[in-house]
Amino acid sequence: MLAAVVKKPGELVIEQVEKPEPKSRQFVIRTLAASICNATDNHILEGIFDGYHDHYPQILGHEVCGEVTELGENVTEVKIGDRIAMYTPHGAFAEYVLVDADGYGYAVVPDNVPDEVASICEMFDGAFRSTIACAELKPGEKVLIIGAGPMGLTAAAAAAACGARVCIVDYYENRLQKALEMGAVRAYNRSRMTGDEIIHAILKDMGPVDTACICIALDVSEERDAFHIPVEVLKNNGRMTGLCVEVKLDKHNHRMNPFHMIRKNIKFRHNLERPGTIADFQRGYDMVGEGKIPMEKLITHRITLDQLPWALDMCHNHPDECIKFVVYPRIGLLCPYSVVEVENP
């Protein structure tokens, strides 16, 4: 089968590899659509990801929607022809993907959710299952999202779908405008405002917020205030959470006064009130199917495997020109949709 393989840090090749064969409690899906994780896929390619993708060679990608094509022994949860979507540790940028029935979990894709939208909904794992759902937001609560990349936009849309009033901070105007389209009520451009100006504006426009979510991998501001801003605008007894994406770089020298967290009695942890469950993951997909979360708005490009190097560069170096890339596991063929045209490198 055709796959995008990172041979070693910095070396990405498109080549033929062996199609996976399912063992007991495993099954195989045919990839219908996959999508680029803007941060993690680049971190893996660069060799700076710290965690479970820290090995080479490996098939790149982990956001995938596919059709079940082959069952191993003792698999009864799915049947041939079922359409599922998930995070995969086995690599998504390939024609076929191996699934562990007892692994990380998957969602059944609602019939009215297109394949490509289902693939990007994998972001519900971090941006809903581990942040918004476990915060158990109440309608009318105020939420601050730091970072309007794909994960931050997904978290913002999910929070808004749960009835929260959402504000968001980012460096790029295209992403802030997208956040407003997806349910945020206020957006603040960090490239045009200082951290203290944003703090003042949020308190003036929203008042103290109930929950803050950090949806960035690295803080690129000179002031390193990605944590300082939410601590300052959180109410007493507020909650703070965020994505857990670690890289092998010493860039985590954030500016934050821990005494303010103590004084305000802020609860700060990755999973807030309770751990997110696979039911929360499925709930995210169901809300998309019900029209409550417009995930299709995140798609800006569609590509085939041969365009991956260009697309990864776009995600890394030109975030003002893209948000989410859908990847089709083939070479030189356009995707079956035409809402957004494929751009050639």
Of the residues that sit in the stretch 233-262 and are basic (Lys, Arg) and either within 23 Å of Asp205 (Cα to Cα) or in a strand (DSSP E or B) (or both), which one is modelled with the lowest pLDDT?
Arg239
If Glu296 meets every condition in (1) crowded, with 18+ Cβ neighbours inside 10 Å; (2) within 20 Å of Leu153 (Cβ to Cβ); (3) in contact (Cβ under 8 Å) with a residue 60 or more places away in the chain; (4) not small (Gly, Ala, Ser) apart from one, which number is that one?
(1)
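Taking the options Ile84, Ile44, name whichever one is under 30 Å from Asp280 (Cβ atoms), touching a strand residue (DSSP E or B) at 6+ places or on another chain (Cβ under 9 Å), modelled with pLDDT under 95 and aliphatic (A, V, I, L, M).
That would be Ile44, the only listed residue that is under 30 Å from Asp280 (Cβ atoms), touching a strand residue (DSSP E or B) at 6+ places or on another chain (Cβ under 9 Å), modelled with pLDDT under 95 and aliphatic (A, V, I, L, M).
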Which of the residues belonging to the stretch 97-137 are surrounded by fewer than 24 Cβ atoms within 10 Å (Cβ to Cβ) and more than 30 Å from Thr211 (Cβ to Cβ)?
Leu98, Asp100, Ala101, Asp102, Asp111, Asn112, Pro114, Asp115
Flagged in the stretch 24-41 as not small (Gly, Ala, Ser) and not in a strand (DSSP E or B), in numbering order, are Arg25, Ile36, Cys37, Asn38, Thr40, Asp41
In the stretch 1-18, what residues are surrounded by fewer than 22 Cβ atoms within 10 Å (Cβ to Cβ), touching a helix residue (DSSP H, G or I) at 6+ places or on another chain (Cβ under 8 Å) and part of a strand (DSSP E or B)?
Leu2, Leu12, Ile14
Only one of Glu21, Glu70 that is in a strand (DSSP E or B) and either in contact with an Asp or Glu (Cβ under 8 Å, 6 or more places away or on another chain) or farther than 26 Å from Met314 by Cα (or both)
Glu70
If you check every pair at least six apart or on different chains, which have Cβ atoms under 8 Å apart with a residue in the stretch 173-184 that is within 16 Å of Leu144 (Cα to Cα) first and a residue that is of a type in the set (Ser, Thr, Tyr) and surrounded by 15 or more Cβ atoms within 10 Å (Cβ to Cβ) second?
Leu176/Tyr188
Quick check on my filter: what residues within the stretch 190-209 are surrounded by fewer than 16 Cβ atoms within 10 Å (Cβ to Cβ) and not in a loop (DSSP other than H, G, I, E, B)?
Asp196, Glu197, His200, Leu203, Lys204, Asp205
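Any idea which of Arg186, Arg224 is surrounded by 15 or more Cβ atoms within 10 Å (Cβ to Cβ) and at positive phi?
Of the residues listed, the single one that is surrounded by 15 or more Cβ atoms within 10 Å (Cβ to Cβ) and at positive phi is Arg224.
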Take Ile266 and decide whether it is under 19 Å from Glu122 (Cβ atoms), at pLDDT 85 or above and surrounded by 13 or more Cβ atoms within 10 Å (Cβ to Cβ).
no
Report yes if Ala187 is among the small types (Gly, Ala, Ser) and under 17 Å from the mean Cα position of the chain (by Cα), otherwise no.
no
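The values are calculated or read from the model by the stated rules, or taken from the named source; none is laboratory data. A quick note: this is a predicted structure, and the numbers were derived from the prediction, not measured. Reconstructed Cβ throughout: ideal geometry from the backbone, glycine too, with neighbour counts over all protein chains shown.
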